[in-house]
Amino acid sequence: MCLAIPARIVEMTGDRAVADAMGNRWAIRTTLTPEVKLGDIVLVHAGYAIAKVEEEEARQTWELFAQIADMETEQNQAKGAEQ
Amino acid sequence: MRLDVIQSACNELEQACAVIGRMVQVMEVCGTHTVALFRHGIRSMLPANLKLLSGPGCPVCVTDQGYIDTVIDLARRTDCLIATYGDMIRVPGRNTSLERLTLPNVRVVLSSDDAVALAQKHPEKTVVFVAVGFETTTPATAVAIRQAQELGLKNFTVLCGHKRVLPAMHALLSGRNDKIDAFLCPGHVSVILGSRAYEPVVKNFNRPCVVAGFEAEQILLGLAKICRQIADKRPTVDSVYSLAVRPEGNPVAIRIIDQIFEPCDGPWRGLGCIPDGALRIRQQYADFDAQKRFGIEQIPAEEPGGCQCGKVLCGLMDPSQCGLFGKKCTPDHPVGPCMVSTEGACAAWYKYQR
């Protein structure tokens, strides 16, 4: 439950922003990270940015999520083939 | 994933464990680590004398049944609207869960912000926000309370179930399981608290504390650092997650937690009452405290018969050693809390190691 997801801030008005992770976009708040700017990458947890992070951290996590998604698709296909 | 980094971390781990020459028990405090360890197949890559223990680091798992029962009681009231994170709806109380009740006034929210919006949209109801989670999640609840106050909302309340990770680590080493040699510290809790927060654990108990993120290389690097520290008999606080975790954490988040909440003794499911292990809403924000608004007294509950979640959460037992595991207790029909949450130790073992 404590997992935070890196996402790029693509819109921002005050402490309300829109974040983008791998094409998925959602509304977040930047109340806890007043230093962030449009275009920054932040860790988002439960709708709040909790830290500004570097591109490298985000890239690693996005790659990991893509791998997990691929793996789960494969597993589901394998299950489908069994049935 | 950088294979060279993984290879060198594995080599370092082998060497350090060879020097130690006895069984080493490292507790991964965080449920997200538990799942990541299985997903990456890390458990199969470890030296034979390194044992990983899954800790009490899943907020859903350590939420006391008495709290769940209170939520269910409030959900039965027609004047209340329950706003909860999705993780909580499957957790069984003494008799039932929110999911099984299928009540019309339970809403799953993605953020505390959504709960405030619900209160604005439904002035005829009192919104009860089911606030669980560790320090990663607590600041969002604090912001919501502050915002509700600024908006002058009279129908927004919080049932505070927030817990503090560090007192639980202290409690484990102070008696519940003093065989833990070191902690792999939670990545995202540490984003808020900062790596420095673990210094008292090192100072008081002489145990290494290393913060890691959730990629395979980070976890292996973290374990390698831990075992090197044990081999050298030089425990310290370290972090291999410097891209997100600063020594001082997130000061804005720490400040707002402190503004709205104060530490109190509180029940952790499976672990019992932990001194300063929970948070309560400060008196000046009592208007937003669901417990005070509805005059609730929470009664900590007994564990279901045969359930060994308490021992699992302390690292005293592997999930598969519980008599209910995989038989009476499965992810579809969970008995204990560790089987309910996908980040619970038992659910992770069931999915990956059966």
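Can you give me the number of residues within the range A:9-39 that are farther than 13 Å from residue B:244 by Cα and buried (at least 17 other Cβ atoms within 10 Å of the Cβ)?
From the range A:9-39, those farther than 13 Å from residue B:244 by Cα are A:9-32, A:34-39; that's our starting set.
Checking the rest, the ones that are also buried (at least 17 other Cβ atoms within 10 Å of the Cβ) come to A:9, A:12, A:17, A:19, A:21, A:28-32, A:36.
Residues meeting the conditions: 11.
Just to be sure before I move on: is residue B:245 touching a Ser or Thr at 6+ places or on another chain (Cβ under 8 Å) and part of a loop (DSSP other than H, G, I, E, B) in the structure I sent? Spell out the reasoning first.
Working: touching a Ser or Thr at 6+ places or on another chain (Cβ under 8 Å): yes; part of a loop (DSSP other than H, G, I, E, B): yes.
Yes; evaluated as a whole, the condition is true for this residue.
When the range A:47-77 is limited to residues that are aromatic (Phe, Trp, Tyr) and modelled with pLDDT of 80 or more, the one that is surrounded by the fewest Cβ atoms within 10 Å (Cβ to Cβ) turns out to be A:62. Scanning the range B:22-78 for residues that are over 27 Å from residue B:213 (Cβ atoms) and either over 23 Å from the mean Cα position of the chain (by Cα) or among the acidic types (Asp, Glu) (or both) returns B:22, B:64, B:69, B:73, B:74, B:75, B:76, B:77, B:78.
Within the range A:1-18, residues that are without any contact (Cβ under 8 Å) to a residue 12 or more places away in the chain and facing another protein chain (nearest Cβ under 8 Å) reach partners that are of a type in the set (A, V, I, L, M) and not in a strand (DSSP E or B) with beta carbons closer than 8 Å, at six or more positions or on different chains, in the pairs A:1/B:60. Does residue B:193 count as over 20 Å from residue B:39 (Cβ atoms), touching a residue at least 60 places away in the same chain (Cβ under 8 Å) and out of contact with any His (no Cβ under 7 Å at 6 or more places or on another chain)? Criteria met by residue B:193. From the list A:18, A:36, A:44, A:10, the one residue that fits, being more than 27 Å from residue B:86 (Cα to Cα) and either modelled with pLDDT of 80 or more or part of a helix (DSSP H, G or I) (or both), is A:36. Within the range B:131-153, the set of residues being assigned to a strand (DSSP E or B) and more than 9 Å from every other protein chain (Cβ to nearest Cβ) comprises B:131 only. In the range B:6-19, is there at least one residue being within 14 Å of chain A (Cβ to nearest Cβ) and assigned to a strand (DSSP E or B)? Scanning the range B:6-19 turns up no residue that is within 14 Å of chain A (Cβ to nearest Cβ) and assigned to a strand (DSSP E or B).
So, residue B:287, is that one more than 18 Å from the chain's Cα centre (by Cα), assigned by TED's automatic domain parsing to the domain that holds residue B:96 and of a type in the set (Asp, Glu) or not? Yes: the conditions hold for residue B:287. Of the listed requirements (1) crowded, with 19+ Cβ neighbours inside 10 Å; (2) modelled with pLDDT of 95 or more; (3) within 30 Å of residue B:45 (Cβ to Cβ), residue B:241 misses just one: (2).
Taking each residue of the range B:25-40 that is within 12 Å of chain A (Cβ to nearest Cβ) and part of a helix (DSSP H, G or I) and looking for partners that are crowded, with 24+ Cβ neighbours inside 10 Å and polar (S, T, N, Q) with beta-carbon atoms closer than 6 Å, six or more apart or interchain, yields B:34/B:54. Within the range B:304-349, the residues that satisfy the criterion of being part of a helix (DSSP H, G or I) and either surrounded by fewer than 24 Cβ atoms within 10 Å (Cβ to Cβ) or of a type in the set (Val, Ile, Thr) (or both) are B:310, B:311, B:312, B:320, B:321, B:340, B:349.
If you go through the range B:211-264 and pick out every residue that is over 18 Å from residue A:43 (Cβ atoms) and polar (S, T, N, Q), you end up with 3.
Inside the range B:219-242, can you point out the residues that are of a type in the set (A, V, I, L, M) and assigned to a helix (DSSP H, G or I)? Break it down into steps so the answer makes sense when it comes.
Taking the range B:219-242 and keeping what is of a type in the set (A, V, I, L, M), we get B:219-221, B:223-224, B:226, B:230-231, B:237, B:240.
Answer for the range B:219-242, where residues must be of a type in the set (A, V, I, L, M) and assigned to a helix (DSSP H, G or I): B:219, B:220, B:221, B:223, B:224, B:226, B:230, B:231.
Of the residues making up the range B:252-266, one or more are farther than 21 Å from residue A:48 by Cα, surrounded by 22 or more Cβ atoms within 10 Å (Cβ to Cβ) and within 19 Å of the chain's Cα centre (by Cα). Scanning the range B:289-303 finds one or more residues that are farther than 30 Å from residue A:67 by Cβ and crowded, with 23+ Cβ neighbours inside 10 Å. Can you pull out every residue in the range B:110-130 that is within 11 Å of another protein chain (Cβ to nearest Cβ) and either crowded, with 22+ Cβ neighbours inside 10 Å or not acidic (Asp, Glu) (or both)? Once the filter is applied, which keeps residues that are within 11 Å of another protein chain (Cβ to nearest Cβ) and either crowded, with 22+ Cβ neighbours inside 10 Å or not acidic (Asp, Glu) (or both), the range B:110-130 yields B:110, B:111, B:112, B:115, B:116, B:117.
Being of a type in the set (Gly, Ala, Ser) and under 23 Å from residue B:186 (Cα atoms) is the filter here, so list the residues in the range B:301-335 that pass it.
Initially, the range B:301-335 is screened for residues of a type in the set (Gly, Ala, Ser), giving B:301, B:305-306, B:310, B:315, B:320, B:323, B:326.
Result: B:310, B:315.
The values are calculated or read from the model by the stated rules, or taken from the named source; none is laboratory data. Just so we're clear, the structure is a prediction, and the values are computed from it rather than from any experiment. When we count neighbours, we look across all protein chains shown, and the Cβ atoms used for this are built from the backbone with ideal geometry, even at glycine.
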